[in-house]
Amino acid sequence: LFEIYQRGVEAGMLFDNGLISEWDYKNITALGCSLGEYDWTENFVERYQQYLSTRQRDNAYNYNRAYLHYHRHDYEEALSSLLMVQFSDVKYHLAHNFLLVRTYYALGDTEALLSLIDTFRIYVIRNRKMTTEEKQSYNRFLRFAKKLVLLKDQAGTFSRKVLDEKKRVLYDKIQQTDNVINSFWLLSELEAK
């Protein structure tokens, strides 16, 4: 898929009236980052921002820069780019908050993260543009994310055996729960050392 996207961009097949959609731009960035193709992805993000609609350009560019910095473990730069994202629609607000959760978690900023989770939950509950199923999926994620954060924060108070058991129980609960948005991230963090 990455090679198809690369060829599509180079051949101009992903362009409509000279513009690339913000969602293709985001998908290409996400795929490049997940494959560790950081240099190519950075070049793509920088070079093709000019082919985004002027209405969406700043948000798409800043969000995708943040996403790239997060995957490069440059969390402070990710936060700086996230500060530039404006909440022009529900999708950007949700994507922004999810990336912010991941960034705060990586930085170990428990206080900011717990506050964000609570604020994020209120946003989801009050949002009238999300379906009930979407709200449930995000609320499940936030519930498990809070448990993950607290487990990481309190890890030093448990023996290795107890901590491993708590992580296994949480891992199993996530896997057994249907429709948890971004469950892959939760599970990968529980699998990490």
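The values are calculated or read from the model by the stated rules, or taken from the named source; none is laboratory data. On a predicted model such as this, the values are computed, not experimentally measured, just so you know. Methodologically, a virtual Cβ is constructed for each residue, glycine included, from the backbone with ideal geometry; neighbour enumeration extends over all protein chains shown. When the accessible area is computed, the model is the full protein with side chains, heavy atoms only, and any ligands, DNA or RNA have been set aside. Shrake-Rupley method; radii C 1.70, N 1.55, O 1.52, S 1.80 Å.
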Per residue, how many Å² of accessible area does the range 62-156 show with a 1.4 Å probe?
-> 51
Separation of the range 36-101 and the range 131-193 by C-alpha centroid, Å?
-> 25
With a 1.4 angstrom probe the carbon and sulfur portion of accessible area for the chain, in percent, totals 48
Length gain on complete extension for the stretch Arg143 to Leu1, per 0.36 nm per residue less the alpha carbon to alpha carbon distance?
-> 47.8 nm
Of the labelled options (i) 19.0; (ii) 18.0; (iii) 17.5, which one gives Kirkwood radius over Cα pairs in Å as computed for this structure?
-> (ii)
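Assuming R0 = 25 Å, can you tell me the calculated FRET efficiency for the pair Leu163 and Lys135, based on Cβ-Cβ distance, to the nearest 0.05?
Working: r = 32 Å, r/R0 = 1.27.
It comes out at approximately 0.20.
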According to a simple spin-label model (label point 7 Å from Cα along Cα-to-Cβ), what is the distance in nm between Asn27 and Asp109?
-> 3.2
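Fully extended, how many nm does the chain gain between Arg128 and Asp89 (0.36 nm per residue separation, minus their Cα-Cα distance)?
Values: separation 39, 0.36 × 39 = 14.04 nm, distance 1.20 nm.
Value of the extension gain: 12.8 nm.
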Taking R0 as 35 Å and r as the Cβ-Cβ distance between Met13 and His73, the FRET efficiency 1/(1 + (r/R0)^6), rounded to the nearest 0.05, comes to 0.60
With x for Gly and Pro, the residue-by-residue ³J(HN,Hα) of the range 45-60, computed from phi through the Karplus equation 6.51 cos²θ - 1.76 cosθ + 1.60 at θ = phi - 60° and given in whole Hz, is 4, 6, 6, 9, 4, 5, 9, 8, 4, 4, 5, 10, 4, 4, 4, 4
The range 1-129 - charge dipole about Cα centre, Lys and Arg +1 at Cβ, Asp and Glu -1, debye rounded to 20 | 620
For the range 17-32, take each phi angle, set θ = phi - 60°, evaluate the Karplus expression 6.51 cos²θ - 1.76 cosθ + 1.60, and give the result in whole Hz per residue in order, putting x for glycine and proline.
-> 6, x, 10, 9, 6, 4, 7, 5, 4, 5, 5, 5, 4, 4, 5, x
